[in-house]
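These notes concern the structure reproduced below.
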Amino acid sequence: QVRLVESGGGLVQAGGSLRLSCTVSIGSIFSINKMGWYRRAPGKQRELVATSGPGNEFNYADFAKGRFTVFRDNGKTTVHLQMDGLQPEDTGVYYCYLRSLNSDDSGYEERWGQGTQVTVSS
């Protein structure tokens, strides 16, 4: 059974920083293709924040470039999102994201965590 456990959300003033973390429990770490973060702002659809893929492939949303950094630990089962220079428009629920190979190697599955709230006050 695959599990995604997130931590690190909270309330911060504008200009502040937060680090989100997500640890994945999965049968084989070699089935992990990509990990990262999405978010849903109030009244908006879920959107990509940043992902880390194979071969040190990183993908950042435009709003995240230069302010947010996604990285994984050496064991490759925990992904972090370092967020600096936070602004009120960054407020939302942040979801851990996992793309992994199916158990029968037939394709990839995408999963999201339960979400962690980030609130940035002005």
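The values are calculated or read from the model by the stated rules, or taken from the named source; none is laboratory data. What you see is a predicted model, and the numbers here were worked out from it, not measured in a lab. Note that we place each Cβ from the backbone using ideal geometry, even for glycine, and neighbour counts take in every protein chain shown. The area values use the complete protein model at the heavy-atom level, side chains included, leaving out ligands, DNA and RNA. Shrake-Rupley method; radii C 1.70, N 1.55, O 1.52, S 1.80 Å.
Between Asp84 and Ser122, with labels modelled 7 Å along Cα→Cβ, what's the label distance in nm to one decimal, could you check?
2.5
Pull out the extension gain between Arg40 and Gln1, defined as 0.36 nm times the separation in residues minus the alpha carbon to alpha carbon distance; nm, one decimal.
Details: separation 39, 0.36 × 39 = 14.04 nm, distance 2.55 nm.
Taking Arg40 through Gln1 to full extension adds about 11.5 nm, to one decimal.
I need to check one value: relative contact order of the chain, counting alpha carbon pairs closer than 8 Å and at least 6 residues apart, in percent.
Numbers: 293 pairs, mean separation 41.5, N = 122.
Normalised by residue count, the contact order of the chain is 34 percent.
Among Asp105, Asp73, Asp84, determine the one that fluctuates most according to a GNM of the chain built with springs between C-alpha atoms less than 10 Å apart.
Evaluated over the chain, the most mobile residue of the options is Asp105.
What accessible area per residue, rounded to a whole number of Å², is obtained for segment 37-108 using a probe radius of 1.4 Å? List each step's numbers first, then the result.
Values: 3740 Å² over 72 residues.
About 52 Å² of surface per residue is accessible.
List, largest first, the extents of the alpha carbons of the chain along their principal axes, each in whole Å.
48, 26, 21
How large a share of the accessible area of segment 19-122, in percent, is made up of carbon and sulfur atoms when the probe is 1.4 Å and the other protein chains stay in place? Let's see the in-between values first.
Values: 2400 of 5380 Å².
Within segment 19-122, the accessible surface is 45 percent carbon and sulfur.
Between the DSSP loop rule and a limit of at most 14 other Cβ atoms within 10 Å, which trypsin sites (Lys or Arg not before Pro) in segment 67-111 are left? Can you show the working numbers first?
Working: sites: Arg67, Arg72, Lys76, Arg99, Arg111; in loops: Arg67, Lys76.
Sparse-neighbourhood loop trypsin sites (Lys or Arg not before Pro): Lys76.
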